[in-house]
Each structure stands twice: as structure tokens, then as C-alpha cells.
1. Can you run down the residue pairs with Cβ atoms below 8 Å, 6 or more apart or on separate chains, where the first is in the range 44-73 and without any contact (Cβ under 8 Å) to a residue 40 or more places away in the chain and the partner is exposed (fewer than 14 other Cβ atoms within 10 Å of the Cβ) and of a type in the set (Lys, Arg)?
2. Please state which one of 333, 343 is without any contact (Cβ under 8 Å) to a residue 40 or more places away in the chain and either under 30 Å from residue 228 (Cα atoms) or among the small types (Gly, Ala, Ser) (or both).
3. Do we have residue 325 as in contact (Cβ under 8 Å) with a residue 24 or more places away in the chain and surrounded by 13 or more Cβ atoms within 10 Å (Cβ to Cβ) here?
4. Given the structure, is residue 193 at pLDDT below 85, in a helix (DSSP H, G or I) and over 32 Å from the mean Cα position of the chain (by Cα)?
5. From (1) in contact with a strand residue (DSSP E or B) (Cβ under 8 Å, 6 or more places away or on another chain); (2) under 21 Å from residue 345 (Cα atoms), pick out the condition that doesn't hold for residue 294.
6. Can you tell me which condition residue 292 does not meet? The list is (1) under 27 Å from residue 236 (Cα atoms); (2) in contact (Cβ under 8 Å) with a residue 40 or more places away in the chain; (3) assigned to a helix (DSSP H, G or I); (4) of a type outside the set (S, T, N, Q), and all the others hold.
7. Could you tell me whether any residue of the range 265-274 is assigned to a helix (DSSP H, G or I), surrounded by 13 or more Cβ atoms within 10 Å (Cβ to Cβ) and touching a helix residue (DSSP H, G or I) at 6+ places or on another chain (Cβ under 6 Å)?
8. Just a yes or no: is a residue in the range 79-90 assigned to a helix (DSSP H, G or I), of a type in the set (Val, Ile, Thr) and within 30 Å of residue 16 (Cβ to Cβ)?
Amino acid sequence: MKGKNNQNNTMEDISLDMRCQMMLADYEQRRPSYEKLLDAIKALLKQYLGHEGGELTLVSGRVKKVKSLAGKLALKGQKYSSIEDITDLVGLRIVMLYNDGVEKAASIVEKNFDIDWENTVDKRKTHDVQSFGYNSVHYICRLTDKMAKENGLEELKNVRFEIQIRSTLQHVWAAVEHDIGYKSDIDVPSEYVRSFGRLAGMLELIDEEFGRIRMSVNEYRHRMEELLKQGKTDKIELTMDSFKSFLRLEPFKKLNERIAAVNHAEIFETSLLPYCTILKQLGMKTLGDVERLVKERADDAFHLARYQIGNTDLDIITSAVGIQNLCIAYLLRKGCGKLALKRLLDYLYGESEYNDSQAENLLNTAKQLGLQ
């Protein structure tokens, strides 16, 4: 799929012998069917790779232009006896977010297509850092009989096509090289070659490191989920990631329902993720600390909320009502004053004078309820 520098030539500039001219004419006739093949393969690849979630970045493709094929035949026409001998007339590219995603995509391609192993090339095995952007896997494929039949492409089942697979960083690097003409026929000064080599080496390391970090994070998440299932919350650090998993267990649901029952109110679901930062500022380090907050301060939080809404006709409350009053109750039991309460309200709702009066009201309520 990589372009050549003679692509700016006009058809008149390209000299072909009679055999190559006949191949070119044959190709012009077949090209519409190749477009049909391309569309079908792109759709199939998106379907197969869609199961990889957010790892798939791009599926693109092209059918070689007539002028491009003419240039290729002018250079290498003696290698081919017919159009069927040319393997990249239809070319596709898969770009995966991470380097390890390349292996997953490769496995899917091998599983679903008939691979021409003799012409397939894994350019990653060259270990040439200066060719980092081109270190992709190049499969030469055909449709399987079943695939051709199911997609109404029986007449094209013997047409070979190329599928390249690379990571996002490799794709970006190749685009940069192409843009600045590094791979052109012009000799590049050695200082620039060295610079490209260093940058390519760095990007290759970064690509690998992203994959390693991602794998480590996934392993951490699996361990955390297992600890949650086992109820070992004291062993799980309070982070945004662990708190998100913790929320799936609905730890504040009973308290919210208890508060809602005061006015027979409806509970409107809202994100509780901002409270992770608040809980950490309150000194909580593990999910176990959050669980204890719920157990030890649920009654205080309920009484605070009931006092605030009991004399109103409020019939909708947010799902944050429980955790908010838990945090307020925690501060009050710690003997914190108006300033600490105002800071909490400022963080949640933005700074305002209203928060000052609300903090004052909360202190008065706490005194009446015996929470201080």
C-alpha cells in the first residue's frame, strides 16, 4: 500500500510493452469488482475486530489506481504473467491502539481468511528501528469458500488482497515519514538519518511500554475485582478506578432508599465519582475505610437528610444524597466547623455565599441532633 515517488508521472510518461498494456486493460475492466471486494472485506474486518472494544483505531483500504499499476508494471512488469499474480491490487490497513493489539488482529485475520503464507511478510522481524513505521504485518489473503458464498463474492474468491496491521504509533510515524519525504529518492544527510533512528527507537520503546502498562493495569483490575468479590476491601487502595468498581456494588443504595422514603421521593441517578476525591481528602485510604464510613455514619447521615427534607414537598432526590450526608456527618463527628463544611460544599457546587449560609444551617442542625 505504500506509495512510490514516481506516482506524479502522467500515463504518457509510462512506457509499457504489449503484454503489460493488456494486463493494464484487463485491470481497468475488473476494477469495479475489486471495489466491491474491498467494501466487503472492510465490513467483515470491522465486524470481526469490533469485539476487541476500544482497541481498534482504524480500518481503511484502497483499490490500486490504474496509473499506479501502470507505474508498477513499468518497473516490475517482467515479474507478472497476469493480473492474478499481483497481490496488492486491493489493500487494507488495520490500525490497533496498542502494539499487543496487532497480535490479536493478526490472529483474527489468520482465523478468518485464507492466507498465502509464501507471500506474507512480518516486517517486525527485521528489527530495524529506522523502519519503525513500516514494522507492520503484511498478510496476503483470499476469501474462504464459505465467506465468498455468504457474501455473494464467489467470482472473486481467488483474488488475492493485502492486509497490513500496525499499531497507532507505527501508523503515525509512517505518516510523518511520508509527509516530510524521508523515504524519498533524495539522499538524506546522515545527521537527519541519525535523528530519525533515535526517534524511531524511542517510539518503539514507548509503543512497547504502553502495552506493558496496559497489561499491568488490567492485571491490577482483575485482582481488585477478585478482592471485592471476597469482601477484602481493606486490601484495595481507594483510587478512582477502584471506587468506580465499588460503586457497581451500590454501597449507598440502602441509605438513599431510606432517605427517599421520608417524602416518598424518586431517586435520580447521578455520578458519584467526584466523591472519590472528597473521601481521600477526608483521610480514607482503602475501600474498607469507605465501607466503615457507611456502617458507622449511616444513621447520622439519615437524620441529617431527614431534618433537611422532612418539612418540604421535595419528591425527587439525587443518588448523591446518601454519600453527601455521610461526608457531612463524618466532618461533624470529627468536630470540624463551618469552614470545613463550606469547603465541602464549594467543591461540590462551586464557591458561593449561599454555601456559607448552608454550612451555618448544617452546624445548627447538627447541634439540634446532637451530632457535635
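The values are calculated or read from the model by the stated rules, or taken from the named source; none is laboratory data. Here the structure is a predicted model, which is why all the values come from computation and not from measurement. Here the Cβ positions follow ideal geometry from the backbone for every residue, glycine too, while neighbour counts run over all protein chains shown.
1. Note: pairs meeting the criteria are 59/46.
2. 333
3. The answer is yes for residue 325.
4. For residue 193, the condition - at pLDDT below 85, in a helix (DSSP H, G or I) and over 32 Å from the mean Cα position of the chain (by Cα) - is met.
5. Result: residue 294 passes all but (1).
6. The one condition residue 292 does not meet is (2).
7. Among the residues of the range 265-274, not one is assigned to a helix (DSSP H, G or I), surrounded by 13 or more Cβ atoms within 10 Å (Cβ to Cβ) and touching a helix residue (DSSP H, G or I) at 6+ places or on another chain (Cβ under 6 Å), which makes the answer no.
8. Looking through the range 79-90, at least one residue is assigned to a helix (DSSP H, G or I), of a type in the set (Val, Ile, Thr) and within 30 Å of residue 16 (Cβ to Cβ).
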